[in-house]
Amino acid sequence: MNADAVQQYQHRTVLLDEAVDALALSGDRVNGVYVDGTFGRGGHSRKILQQLGSGGRLLAFDKDTQAIANAATINDQRFEIAHDSFATLSEALAVRGIKQVDGVLLDLGISSPQVDDATRGFSFRADGPLDMRMDTTRGMSAAEWLATETEQKIEKVIRDYGEERFAFQIAKAIVARRAVEPISSTRQLAEIVARTVKTREKGKDPATRTFQAIRIFINQELEELEVVLDEAYRYLAPHGRLVVISFHSLEDRIVKQFMAGKANVPQPDRRLPIRAVDLPQPEMKLLSRVKPSAAEISENPRARSAVMRVAERLSSGTGGAA
Ligand SMILES: C[S@@+](CC[C@H](N)C(=O)[O-])C[C@H]1O[C@@H](n2cnc3c(N)ncnc32)[C@H](O)[C@@H]1O
């Protein structure tokens with residue numbers, strides 16, 4: 001790993017105070033167990049540690065080795081980081097003998113250092129190897145995937161995860177080009193897309209949707225989000241908080257539907273003779289939906305698409321404890 005890259009690129013944490021406040025580290029909860037599923041450069045984690053009592057514990061995750069190197073600079077016995085997907089939450093808690101957690105925070109997607117470092121291959125703005133893996137120690141790079149995947153699957157990924165109208169044409173152009181030369185750089189891919197997409201969206205590079213789609217696919221972002229929401233819910237203690245910051249509509253839809261599904265329980269026909277105590281009870285309470293202020297967006301334009309949703313577990317947590 002390039003040690004300079006760890007220092008060189010900075011991340012400005014989005015909704016820093018709002019997200020940590022939403023975890024509500026007060027009263028007994030101050031000595032609780034918290035999870036930061038997306039350490040990044042530790043903006044949220046460091047603030048949680050400032051508010052955490054001496055008996056509290058913070059377990060963080062990140063797939064990125066540079067994030068892990070940054071976390072190594074935190075010298076605090078209450079803190080630990082796992083170099084793994086947050087989708088391994090329940091195994092990580094079980095291994096540590098943790099039966100319940102008081103809060104789980106997810107600040108989804110990629111960090112600014114990942115976007116800004118051209119060697120990571122996430123950005124169409126600078127030329128670099130077409131990698132796009134958050135965890136460069138495992139899995140297939142975007143270049144390897146595009147070299148071997150069928151045209152139909154490439155089209156489906158670009159359409160489903162990029163919501164791209166020209167998915168058919170882009171996939172066709174990718175497959176035609178790879179027959180001539182390997183597509184191994186971000187610039188090559190951006191140029192193929194730019195030549196293929198015929199209409200321009202205001203303020204948006206034509207490659208935006210395709211890059212988003214391939215990144216989501218390569219990192220299994222939506223599948224892992226679905227897993228972690230379930231696992232987080234199972235481990236949350238009563239009054240435990242789930243705080244999720246999303247950056248695009250596909251993520252936010254999953255979070256919204258998950259929380260709504262736990263909060264809005266279908267009720268049986270009211271004419272049926274069912275006692276109130278036997279009625280299905282909501283499992284979570286929706287607390288808030290927050291967007292960054294205009295001031296935050298003007299200081300950090302990457303915050304503009306962020307949406308944070310917060311829900312609280314109502315019934316008792318049984319996951320690891322059962
Ligand atoms: C938006 S950044 C988080 C920034 C962080 N809150 C901060 O204040 O510095 C997202 C981070 O989560 C990591 N990440 C995204 N999905 C992940 C997953 N499924 N498992 C583990 N880490 C993930 C990325 O590698 C990236 O470092």
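The values are calculated or read from the model by the stated rules, or taken from the named source; none is laboratory data. Since this is a predicted model, take the numbers as computed values, not measurements. Counting neighbours? That spans all protein chains shown, and the Cβs are built from the backbone with ideal geometry, glycine included. Note: areas computed on protein heavy atoms with side chains; ligands, DNA, RNA excluded. Shrake-Rupley method; radii C 1.70, N 1.55, O 1.52, S 1.80 Å.
Points to keep in mind about this one:
- Karplus 3J(HN,Hα) series, Hz, for the range 40-53 with 6.51 cos²θ - 1.76 cosθ + 1.60 (x for Gly, Pro): x, 10, x, x, 5, 4, 5, 5, 4, 4, 5, 9, 6, x
- Dipole axis of the range 245-302 (+1 Lys, Arg; -1 Asp, Glu on Cβ), positive-most option in L279, S293, M259: L279
- Alpha-carbon centroids, the range 268-303 and the range 51-100: separation in whole Å: 27 Å
- Interatomic Cα distance distribution for the chain, bins of 20 angstrom, percent: 30, 53, 16, 1
- Segment A118-S315, length gained on full extension (0.36 nm per residue, minus Cα span): 66.3 nm
- Looking at the chain, the accessible area is 48 square angstrom per residue; that uses a 1.4 Å probe and ignores ligands, DNA and RNA.
- Comparing L59, L279, L146 in a Gaussian network model of the chain where C-alpha atoms under 10 Å apart are linked, the largest mean-square fluctuation is found at L279.
- DSSP-assigned coil residues among GluC sites (Glu not before Pro) in the range 250-298, each with at most 12 further Cβ atoms within 10 Å: none
- Ordered from longest to shortest, the equivalent ellipsoid semi-axes for the range 177-322 are 41, 19, 16 Å, each the square root of 5 times a Cα gyration tensor eigenvalue.
- Expressed per residue, the C-alpha convex hull volume of the range 135-218 stands at 91 Å³.
- Choice from V307, V228, V277 with maximal GNM fluctuation in the chain (Cα, 10 Å cutoff): V277
- Per residue of the chain, the DSSP helices (runs of n ≥ 4 H) give a summed -39500 (n - 2.57) that works out to -11500 deg cm²/dmol at 222 nm.
- Amide N proximity, the range 155-171 versus M140 label position 7 Å along Cα-to-Cβ, cut-off under 13 Å: 155, 157
- Accessible-area composition of the range 146-239, carbon plus sulfur, in percent [1.4 Å probe]: 52 percent
- L146 sits among other residues whose Cβ lies under 11 Å from its own Cβ, and their net charge, with Lys and Arg +1 and Asp and Glu -1, is 0.
- Between Q212, Q50, Q100, the residue with the greatest mean-square fluctuation in the GNM of the chain (Cα pairs under 10 Å linked by springs) is Q50.
- In the range 144-188, the trypsin sites (Lys or Arg not before Pro) that fall in loop regions by DSSP, at most 15 other Cβ within 10 Å: R165
- Derived scalar couplings between HN and Hα for the range 75-86 equal 10, 8, 5, 7, 10, 8, 10, 10, 7, 6, 6, 5 Hz in order, rounded to whole Hz, by the Karplus curve 6.51 cos²θ - 1.76 cosθ + 1.60 (θ = phi - 60°), x for Gly and Pro.
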